[in-house]
Amino acid sequence: MNAPADPPPDTPMADAPPAGNPPRRSPAARLLGDRATLGYLLVALSTVCFAANNNLAKESYQHGASVDTVLVGRSWFLALLLALWFAALRSRPSFPRGMGRWVLFAVMLFSLNGWALMSAFDRMSVSLSILIFYLFPFIVGLLAAALRIERLRPAMLVGLAVAFFGLFLALDTEGELDLLGVALAALSALAISGNILVSGKLFRRGMSPVSLALWVMIGASVVFAITLASSGGFRWPDSGTGWWAYWGSVVFVGIAFIMFYAALDLLRESRTALVMNLEPIATIVMAVALFGEAFGATQWAGAVLVVLAIIGVTLAGRKA
């Protein structure tokens, strides 16, 4: 008995989907296939990871870890992750010619920001520290206007007034406020503001954000290694909980940075920055829910005012 002849090449198979009708994708697949949706999801998750890092760093301090030990672990881990990023892409980090001193300036400002903020966590609540730190969008606007990089908009002044009033309410704590902790958080905000302005100058000279992040992390690794040696060396957590908090902080900040830069590749900078304004809320909610930080109704009202002021100024900047 002869075998049936094969159908001609252009004959459609009986069980093949009709031509011109691609197979249906699930709603989740359609959402993740959209660049903007995926970008928003990544940056939202990065805010949660940054918030987790903030709170876990504080927890590791309470179990014996030193600020320098946490900073060294974070910077070394992030430098390794970013190096692997470039290795996976088979590319080299850019470095604008003649801009070495500006890259060094960015390294020093970033290192100062990290040390000051982590030190603030060691002296007072994470919630208050992060609220003060998030004054940096206003500081950037004021410095940019002073340096004639961009004009000072009325929305910036209104937002700054609202944010300061909100901060006044949020800092209305029952116990004695740690003034050094407040100063450290404010110093961190000033340092990251300077870092942002210097970074903008480097970006205008053709340096990519991920390249700058790698060089900054390599430089910060050296700076924090020096501060660690001068402070007497590693001081590790003294309990299992402390170790979990320490490594959780290191891993979460690494994941957060990778998600943040992946989101930057999918979204515009302004949209990414807008969603990043959720970090203070995520940090405070996590601190209250997981670690029992006290936050009364007046402080919640102040925190909401600070975040609304930041988001309002960001939206006004996009429309300008």
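The values are calculated or read from the model by the stated rules, or taken from the named source; none is laboratory data. Please read these numbers as outputs of a predicted model, since none were measured by experiment. Backbone-built Cβ (ideal geometry, glycine too); neighbour counts: all protein chains shown.
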Test each condition in (1) at pLDDT below 90; (2) part of a helix (DSSP H, G or I); (3) not β-branched (Val, Ile, Thr) for Lys58 and report the one that comes out false. (1)
Would you mind finding the one in Leu184, Leu167, Leu152 that is of a type outside the set (Asp, Glu) and at pLDDT 90 or above? Leu184
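Among the residues of segment 90-99, are any assigned to a helix (DSSP H, G or I), surrounded by fewer than 21 Cβ atoms within 10 Å (Cβ to Cβ) and on the phi < 0 side of the Ramachandran plot?
Here is the first cut: in segment 90-99, the residues assigned to a helix (DSSP H, G or I) are none.
No: zero hits.
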Run Ser211 past the list (1) on the phi > 0 side of the Ramachandran plot; (2) crowded, with 19+ Cβ neighbours inside 10 Å and report the number of the one that doesn't hold. (1)
If you take the residues in segment 292-320 that are in a helix (DSSP H, G or I) and out of contact with any helix residue (DSSP H, G or I) (no Cβ under 6 Å at 6 or more places or on another chain), which one is modelled with the lowest pLDDT? Lys319
Counted residues in segment 41-78 being closer than 20 Å to Ala229 by Cα and of a type in the set (Lys, Arg) come to 1
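The rows are residues; the columns are (1) buried (at least 18 other Cβ atoms within 10 Å of the Cβ); (2) of a type in the set (A, V, I, L, M); (3) touching a Phe, Trp or Tyr at 6+ places or on another chain (Cβ under 7 Å); (4) assigned to a helix (DSSP H, G or I).
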| site | (1), (2), (3), (4) |
| --- | --- |
| Ile130 | yes, yes, no, yes |
| Phe138 | yes, no, no, yes |
| Leu152 | no, yes, no, no |
| Phe164 | no, no, no, yes |
Could you list, in sequence order, all residues of segment 176-200 that are in contact (Cβ under 8 Å) with a residue 40 or more places away in the chain and assigned to a loop (DSSP other than H, G, I, E, B)? Leu177, Asp178
One residue from Phe168, Phe203 being assigned to a helix (DSSP H, G or I), free of Cβ contacts under 8 Å to residues at least 40 places away in the same chain and either closer than 15 Å to Ile130 by Cα or within 22 Å of the chain's Cα centre (by Cα) (or both): Phe203
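If only one of Trp236, Trp243 is assigned to a helix (DSSP H, G or I), aromatic (Phe, Trp, Tyr) and at pLDDT 90 or above, which one is it? Spell out the reasoning first.
On the way: Trp236 fails: assigned to a helix (DSSP H, G or I).
Step by step, each of Trp236, Trp243 is checked, and only Trp243 is assigned to a helix (DSSP H, G or I), aromatic (Phe, Trp, Tyr) and at pLDDT 90 or above.
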